[in-house]
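These notes are about the structure you will find just below.
The values are calculated or read from the model by the stated rules, or taken from the named source; none is laboratory data. All values derive from a computational prediction rather than experimental measurement. In this analysis, Cβ positions are derived from the backbone assuming ideal geometry, glycine residues included, and neighbour counts consider all displayed protein chains. When the accessible area is computed, the model is the full protein with side chains, heavy atoms only, and any ligands, DNA or RNA have been set aside. Shrake-Rupley method; radii C 1.70, N 1.55, O 1.52, S 1.80 Å.
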Amino acid sequence: MSSSGMSVGGLASGIDTTAIIDGLVGIEKQKVTRLEIKQDNASLTLTAWGTLQSNLTSLQSKGESLSKAANFDKYTLTTSNEDIVSLVGGDGGLPGAYEIGVYQTAKYEKAITNTYASATNALAYTGSFKINVSNDYKKENPAADPITITVDATDSLKDIVNKINAQPNAGATASILKLGTNQYGMVLTSKDTGAAGITYTEETGTVLRDLGILDASGSKGNLAQKVQGAALTAGGLDITAATTFAAIDGAGILAGDSITINGTDRNGNRLAEKTFVISDPATETVADFLSAIEDAYNGMVTATVENGKITVTDKSSGTSALKVELTANNEGGGSFNPGALFTIAQAGKNGMLQVGQDAFFSIDGLNMSSAANEAEDVIQGVTIKMKKADVSESVQTSVERDFTAIKTNVQEMLDAINLVFKTIKEKSAVKVTEKSDSASGKDSVSKGPLAGDSTVNRVRSEIVNIMSRTHDELKGETYQTFASIGIISDRLTGEYKIDEEKFKKALNTNYENVKQLFTLSGTGADSNYIYGTSGSKTQSGRYSVDVDGKTVSLLNPDDSVKATYSASVDGNVLSVSEKGYAEGLAITVPATGSSVFTFSKGLGREIADYIKLTTNAYEGFITLRTKNIQQQIDDYDDKIAAENTRIERYQETLTKQYAAMEQVMARLQSQSGQMQAQLR
């Protein structure tokens, strides 16, 4: 070994000074080894916390998902003909069976311009027009104004197409259609289905009329077919909808007389024959019969009286095959004749390439319409998707709760909790092996990286508290604990599982109550108090909300006040920012009054919020714990570096000292040799 150019090897002294130095340095390096072991243990602890935090993050995600009512509600939806109707489940659905008929599907409106020899030549049209915004954009922006399109004299058909398509929120798209050699037209297609189609408004100039989209009068030119029966009078005057059957001149209608309704709808479909029976001619009116006609046509027409004539008009514009055939059966011997085959008073006309139309359908015989081919919440919590019309078939559908799917959903949440508990158990385990150390005769003890960590024990304890607490906010409800619905903890492992029989019974007994235990909900005793938002610090509870006093008070189970918090009111929203149980709660409220408001986080949100708070980047106790461990690791780096520097200097000092000793001994040996030579 050498230092500062000096060799140490015991050549003069005969002592193995290198071994001595290595031995002394080795003793000092044991201190570094002990620090490295401590650092390695801290790293193992941090890694274990990383695994646990990953499990907690997964649990948080499961909780956030389960907190949404739509994710808790699971249904089995069936339909006898998927080609006509399909069902999609949503939030708050109820079990039931429904008969659905689809008589007409909704269509997009399409308009085509005049034809031009070129799509790129300037049209020399100037002006501006407005187009409605799309329904999706209108939902997000109720006050949105129509889109303005400005056309310059140099613009070609293609330029106008590009200007329209450059507006993503417009209610129409444009394209070029080549109809033949040197024949080009612009097609405008509505983004939304329905009879309303595209709303055009000419702002300046006559561009839309010049293009042929609107007619000379500024309208689309669509006409709905209208058919009329024979003129009828009552007391010499034209009948009205309010006229009773007994009052119709010359009819002689008696109780039990009937009228048969036949015909075809606008799409040429033959109606299922319907019979209208007059029970009391003195009280039943023409309006009752008009309603029967509308029902016979599945709600696709409007039946009125015009100038004494029963008039039937398509609800959809455009070319139509509408026919009405009424047969008065005159069972009592009368001579009532409303006009057998109605005459066309106004023929349906397409002013567009394709007229937009609504969907017409029925549920259990009740006629309905929709601008789209989807109807939401007509059946609560279910979206009906209409795929094609078939007047000859009624589709049988059913909505049934899927208990297996609900159980699986809850079990996934419990599995995530169990994984956290399993990780804590494995990482905190202390294992004692009896007398494995033969040299000392002592038992061998091995500890997990989280053994003795009070923070990890706190996590487990607080999750157990969440799972075992009584939900006092659900006052008066059958189920207020998870144990009462069959969520139980295994005595040996501590893991949670579902008593399937008990859980299913609870769901059948009070589904909404069980749902409240898992999902976020807020309801007022007064329905005008509507849940808005809450924060991670908002606690479940029954609150007394005083709009006039601008306070929110947490109630005890006996309805006494536990704590009161100041609130602010902005418009019709009352919110609490004061720290405490109600912090972060916002409710839509009436202008004045008070009400008890029940806020329940449900297991999903409660678990998610707990993890969110404990892992908060600034004050979460798990975050603080892992930061502390990381700081320990960093401190060990500094200590190890300092020790290594000290040992290096110590080694240099020893090397110098032993080198000096060797030099001295070498001189002594040399002097001794010289003296011995002189004495000879």
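Taking segment 335-363 on its own, how many of its residues are within 30 Å of the chain's Cα centre (by Cα) and either modelled with pLDDT under 90 or among the acidic types (Asp, Glu) (or both)? Adding up the residues that qualify gives 1.
In segment 367-376 there is no residue that is surrounded by 18 or more Cβ atoms within 10 Å (Cβ to Cβ) and more than 27 Å from Thr199 (Cα to Cα).
Could you tell me which numbered condition Asp215 fails, if it satisfies all but one of (1) modelled with pLDDT under 95; (2) assigned to a strand (DSSP E or B)? For Asp215, the exception is condition (2).
Return yes when Val277 is of a type outside the set (Gly, Ala, Ser) and surrounded by fewer than 17 Cβ atoms within 10 Å (Cβ to Cβ) and no when it is not. Considered against the rule, which asks whether it is of a type outside the set (Gly, Ala, Ser) and surrounded by fewer than 17 Cβ atoms within 10 Å (Cβ to Cβ), Val277 comes out as yes.
Going through (1) in a strand (DSSP E or B); (2) out of contact with any Leu (no Cβ under 6 Å at 6 or more places or on another chain); (3) not hydroxyl-bearing (Ser, Thr, Tyr) one by one, Ala582 falls short only on (1). Cβ separations smaller than 8 Å between residues 6+ apart or across chains give the following pairs from segment 44-57 residues that are in contact (Cβ under 8 Å) with a residue 40 or more places away in the chain and within 9 Å of Thr423 (Cβ to Cβ) to residues that are of a type outside the set (Ser, Thr, Tyr) and not in a helix (DSSP H, G or I): Ala48/Gly448; Ala48/Pro449; Ala48/Leu450; Leu52/Leu450. Just wondering, is there one or more residues in segment 268-285 that are basic (Lys, Arg) and in a loop (DSSP other than H, G, I, E, B)? No, that holds for no residue.
This table checks each residue for (1) on the phi > 0 side of the Ramachandran plot; (2) open to solvent by 10 Å² or more (accessible area, probe 1.4 Å); (3) free of Cβ contacts under 8 Å to residues at least 12 places away in the same chain; (4) touching a strand residue (DSSP E or B) at 6+ places or on another chain (Cβ under 8 Å).
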site	(1), (2), (3), (4)
Asn135	no, yes, no, no
Ile149	no, no, no, yes
Asn165	no, yes, yes, yes
Gly171	no, no, no, yes
Tyr184	no, yes, no, yes
Glu202	no, yes, no, yes
Ile213	no, no, no, yes
Asp238	no, yes, no, yes
Thr244	no, yes, no, yes
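Results for (1) charged (D, E, K, R); (2) under 22 Å from Glu495 (Cα atoms); (3) modelled with pLDDT of 85 or more, shown as yes or no for each residue.
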position: Ala416; (1), (2), (3): no, yes, yes
position: Lys422; (1), (2), (3): yes, yes, yes
position: Lys425; (1), (2), (3): yes, yes, yes
position: Ala429; (1), (2), (3): no, yes, no
position: Glu434; (1), (2), (3): yes, no, no
position: Asp437; (1), (2), (3): yes, no, no
position: Lys442; (1), (2), (3): yes, no, no
position: Val445; (1), (2), (3): no, no, no
position: Asp453; (1), (2), (3): yes, yes, yes
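Residues checked against (1) over 27 Å from the mean Cα position of the chain (by Cα); (2) under 17 Å from Glu64 (Cα atoms); (3) free of Cβ contacts under 8 Å to residues at least 40 places away in the same chain; (4) outside any strand (DSSP E or B):
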| position | (1), (2), (3), (4) |
| --- | --- |
| Ile488 | yes, no, yes, no |
| Arg491 | yes, no, yes, yes |
| Phe503 | no, no, no, yes |
| Leu507 | no, no, no, yes |
| Gly522 | no, yes, no, no |
| Asn528 | no, no, no, yes |
| Gly535 | no, yes, no, yes |
| Gln539 | no, yes, no, yes |
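Exactly one condition in (1) open to solvent by 50 Å² or more (accessible area, probe 1.4 Å); (2) closer than 30 Å to Asn135 by Cα; (3) under 29 Å from the mean Cα position of the chain (by Cα); (4) modelled with pLDDT under 95 is false for Lys385; which is it? If we test Lys385 against (1) open to solvent by 50 Å² or more (accessible area, probe 1.4 Å); (2) closer than 30 Å to Asn135 by Cα; (3) under 29 Å from the mean Cα position of the chain (by Cα); (4) modelled with pLDDT under 95, just (4) comes out false.
Within segment 567-583, restricting attention to residues that are in contact (Cβ under 8 Å) with a residue 40 or more places away in the chain, open to solvent by 30 Å² or more (accessible area, probe 1.4 Å) and not charged (D, E, K, R), the residue that is farthest from Lys475 (Cα to Cα) is Val573. Listed by first and then second residue, the pairs with beta-carbon distance under 9 Å, at least 6 apart or on different chains, first residue in segment 321-337 and within 18 Å of Thr311 (Cβ to Cβ) and open to solvent by 20 Å² or more (accessible area, probe 1.4 Å), second assigned to a loop (DSSP other than H, G, I, E, B) and acidic (Asp, Glu), are Ala321/Asp265; Lys323/Asp265; Ala328/Asp257. Contact annotation: residue pairs with Cβ atoms under 7 Å, 6 or more positions apart or on different chains, pairing a residue in segment 639-656 that is part of a helix (DSSP H, G or I) with a partner that is among the hydroxyl-bearing types (Ser, Thr, Tyr) and open to solvent by 70 Å² or more (accessible area, probe 1.4 Å), are Lys656/Ser4. When residues in segment 494-518 are screened for being surrounded by 14 or more Cβ atoms within 10 Å (Cβ to Cβ) and of a type in the set (Ser, Thr, Tyr), 2 of them pass.
Checked against the criterion of being on the phi < 0 side of the Ramachandran plot, in a strand (DSSP E or B), acidic (Asp, Glu) and modelled with pLDDT of 95 or more, the candidates Glu294, Glu325 yield just one match: Glu325. Within segment 585-619, if we keep just the residues that are in contact (Cβ under 8 Å) with a residue 40 or more places away in the chain and of a type in the set (D, E, K, R), the residue that is most open to solvent (accessible area, probe 1.4 Å) turns out to be Lys612.
Each residue in segment 218-233 was checked for being in contact with a helix residue (DSSP H, G or I) (Cβ under 9 Å, 6 or more places away or on another chain) and either open to solvent by 40 Å² or more (accessible area, probe 1.4 Å) or modelled with pLDDT of 95 or more (or both), and 1 pass.
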